[in-house]
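One structure is given below, encoded as structure tokens.
The values are calculated or read from the model by the stated rules, or taken from the named source; none is laboratory data. Computed from a predicted model, the values in this text were never measured in an experiment. When we count neighbours, we look across all protein chains shown, and the Cβ atoms used for this are built from the backbone with ideal geometry, even at glycine.
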Amino acid sequence: MKHEQLIDLVEQLTLPEKIGQLQQLTGDFFIDRETAITGPMKEYGLDENLLHQAGSVLGLSGAADLIEVQKNYIEKSRLGIPLLFMADIIHGYRTIFPIPLGLACSWNPELVEKTAQVAAKESAVSGLHVTFSPMVDLVRDPRWGRVMESTGEDPYLNQLYGKAFVNGYQGKDLTNDHERIAACVKHFAGYGAPEGGREYNTVDISEWEFRDFYLPAYAEAIQAGSKLVMTAFNILEGIPATANKKLMRDILRKELKFNGVLISDWAAIKELIPHGVAADEAEAAELAIEAGVDIEMMTFCYHHFLQELVEEGLIEQGLIDEAVLRILELKNDLGLFENPYRGADEQKEAEVVYSEEHQQIALKAAEESIVLLKNNGSLPLKIEDKIAVIGPVANSTDLLGNWSWKGDRSETQTLTSALSIYYPHLLEAQGCGVLDGSSTQLEEALEIAKNADKIILALGESADMVGEGASVTNLQLPECQLNLLNEISKLNKTIVLVLINGRPLDLSDVSEKCDAILEAWFPGSKGAEAVANILVGNTVPQGKLTMSFPRNIGQIPVYYNAFNTGRPTELLGTEGRYISKYVDVPNTPLFPFGFGLSYTSFDYQDLQLSSKEMKMENGEITASVTIRNTGNHDGVETIQWYIRDLVGKVVRPVKELKGFEKIHLKKNESKQITFTITTDQLTYIHSDFKKTIEPGEFILMVGGDSENILQERLSLVL
Ligand code: GLC
């Protein structure tokens, strides 16, 4: 449809029909009309008209169902405006990839884009039009359960991943490519910084910090063309995001030039009342529509009060018209006016969803996401090793993680099953449950352990222990699992810990009892096979952390790109009292950002700069470093380039990731890697919020993680 036709269509709509387009309902309102009328419609006090006026649906999928719902809806829609179908496809549709915090550890944005494209294809043939992804909230607090959905603590990486997800979902021609779906960047904004890591808690960051660390990833994803943005539950500068005109009108719409659809998070409009900025639903509706929120997700302030607010002259009808137009433009961008069924196709659904090709991509994604945190030489396993697989996760299919809605655990292989392919006579025992255990389970496990050479100890979290609403005050593994580890460690056997979890954990006590630690995250549909391939050395571990692992919960927040303070340990040592430090643990995390081991070792030598000076005016210099594989295994290394601005007009982080390159090196092979530094990478946000740069001294660093680095000074000159 042409733009003019859309404008004409808006004019033809009655006010109730316009308000209906702003309403999003869950799928259960549409599956069975009669049940809907006597059930949720009655419960929420909704009139039946809403069933054929609501603009969008969340949480329904399946080609047959969505074709049926769309057909019934359009037949009753006076002007034949089609429904939008949206859902949370966060890390795969039915082919489930590692959780985003795991995917991020691949340091492979191209692969992440591929996973998003697969997710889009499986979703589109199943009838979906929009996914509520990517979540690009920067995170520094593993107590918060939703770190699993993020890509970590670095603004630069979060930008690359945000863009990769959007490009993977949307492709280049969303209107005609019906194997793509629209992306929705979330949660705008700053949701990843709740006080105390407590879910939905207050966010209180300065605008300067927000713009320097948190805003860039949203901006990049919007720049990549995301069709939707979702409001965050939290306040920012004292005003809930969903009612925050400065955030939504000035920053999102004007500064970032976003003219797509702004959807509230679930009930976020009605929650303006408990937040204490709206006295009632009418005021909540008024605040949200004035902030430019187009769709209300699953509460009914708009439905119940917008018409009255217009009629009483409290809001301009134009606010509703502009929201409706944006929603119709989204439907038009998806080609729904020409074909309301779009990609929904039962036959394609049967061929494409969870196809062998997609499973192989999930296997590759899992293998590249797994991080080797420790290895005293026990890995890779030898085929002659006598193996026992012990732990609550050993024989569990709970590997898909939170937000894996259509993932099917009955299709998910277990770690024990995957390992038994290599070790047909492996021994196994549960040892305890995820949260509790019995003495019998423990005794059985110890008996099994005694008969093995190496113990693969599979520990971790269940999917519902992370994700939304799963903030914790204790980052250690559950007591029964720690006890199992303690008892097994008394047998003086080799212990290889495999972690299935969704957040950085406190591994301080655990690490010293293990000979090797493999952080597998929730690795998805092919995770067990990926873990087994790495344990036996068919695949080399190559993941690198994108979120620091604290030594204990007291150290939080601990992140690599921190400011130096006036009393840094680097300057004053750690002995003195009056230093910025803790008296009981070092300032460094247990495992730092960018860290991940291989089965080989890499030596960095000969960092060179093409010049020690770079001109302010369009200057650039090239750095080079030689990496050698000095071990007995072929390997994959992610070379990371960091800079530090020694003197800014505002303080600058002690290091900032500015680039990376992932390379394969055969044993004894060496390679010279180059990196071009431009002035653009040396700019930063001034306290007047403008991007700025000035001459001065910088340090360029390169290494295989954020702590083990080579460095050279660089002068930026006029
Ligand atoms: C949830 C989440 C949001 C999700 C939405 C729909 O509360 O905050 O990320 O997309 O509701 O399920």
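I'd like the full set of residues that are touching a residue at least 24 places away in the same chain (Cβ under 8 Å) and either of a type in the set (Phe, Trp, Tyr) or in contact with a Leu (Cβ under 6 Å, 6 or more places away or on another chain) (or both), limited to region 577-589.
TYR582, the sole residue that qualifies.
Those residues that are of a type outside the set (A, V, I, L, M), more than 17 Å from GLY343 (Cα to Cα) and more than 16 Å from the ligand (Cβ to nearest atom), I need them from region 56-92; list them, please.
Those that are of a type outside the set (A, V, I, L, M), more than 17 Å from GLY343 (Cα to Cα) and more than 16 Å from the ligand (Cβ to nearest atom): ASN72, TYR73, GLU75, LYS76, SER77, ARG78, GLY80.
With assigned to a helix (DSSP H, G or I) and of a type in the set (A, V, I, L, M) as the only criterion, which of ALA388, ALA366, ALA394 stands out?
One residue alone meets the criteria, ALA366.
Residue-by-condition table, conditions (1) in a helix (DSSP H, G or I); (2) within 16 Å of the ligand (Cβ to nearest atom); (3) among the aliphatic types (A, V, I, L, M); (4) in contact with a helix residue (DSSP H, G or I) (Cβ under 7 Å, 6 or more places away or on another chain):
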residue: ASN176; (1), (2), (3), (4): no, no, no, no
residue: LYS186; (1), (2), (3), (4): no, yes, no, no
residue: TYR191; (1), (2), (3), (4): no, yes, no, no
residue: TRP208; (1), (2), (3), (4): yes, no, no, no
residue: TYR214; (1), (2), (3), (4): yes, no, no, no
residue: ALA219; (1), (2), (3), (4): yes, no, yes, no
residue: SER226; (1), (2), (3), (4): no, yes, no, yes
residue: VAL229; (1), (2), (3), (4): no, yes, yes, yes
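Does any residue of region 140-162 turn out to be within 16 Å of the ligand (Cβ to nearest atom), closer than 27 Å to LEU325 by Cα and either touching a strand residue (DSSP E or B) at 6+ places or on another chain (Cβ under 9 Å) or not in a helix (DSSP H, G or I) (or both)?
Checked against the condition, which is being within 16 Å of the ligand (Cβ to nearest atom), closer than 27 Å to LEU325 by Cα and either touching a strand residue (DSSP E or B) at 6+ places or on another chain (Cβ under 9 Å) or not in a helix (DSSP H, G or I) (or both), region 140-162 yields at least one hit.
Go through (1) part of a strand (DSSP E or B); (2) over 19 Å from GLU694 (Cα atoms) for ILE677 and report which single condition fails.
(2)
Within region 1-46, work out how many residues are among the acidic types (Asp, Glu) and buried (at least 18 other Cβ atoms within 10 Å of the Cβ).
1
Can you tell me which residue in region 260-276 is farthest from the ligand (Cβ to nearest atom), limited to those that are closer than 17 Å to GLN21 by Cα and in contact with a helix residue (DSSP H, G or I) (Cβ under 9 Å, 6 or more places away or on another chain)?
Checking each candidate, the answer is GLY260.
Any residue in region 348-364 that's closer than 12 Å to LEU111 by Cβ: show its pairings with residues that are not charged (D, E, K, R) at Cβ separation under 6 Å, as long as the two are six or more apart or on different chains.
The qualifying pairs are ILE361/VAL118; ALA362/THR95; ALA362/PHE97; ALA362/GLY524; ALA362/SER525; LEU363/ALA530.
If you scan region 519-549, which residues turn out to be part of a loop (DSSP other than H, G, I, E, B) and either basic (Lys, Arg) or more than 19 Å from VAL389 (Cβ to Cβ) (or both)?
Residues satisfying the conditions are GLY524, SER525, LYS526, VAL540, GLN542, GLY543, LYS544, LEU545, THR546, MET547, SER548.
Test ILE500 against the stated conditions and say whether it is modelled with pLDDT of 95 or more, crowded, with 24+ Cβ neighbours inside 10 Å and over 23 Å from the mean Cα position of the chain (by Cα).
Considered against the rule, which asks whether it is modelled with pLDDT of 95 or more, crowded, with 24+ Cβ neighbours inside 10 Å and over 23 Å from the mean Cα position of the chain (by Cα), ILE500 comes out as no.
Got a sec? Which helices (runs of 4 or more DSSP H) wholly within region 1-65 have at least 3 residues that are of a type in the set (D, E, K, R)?
3-12
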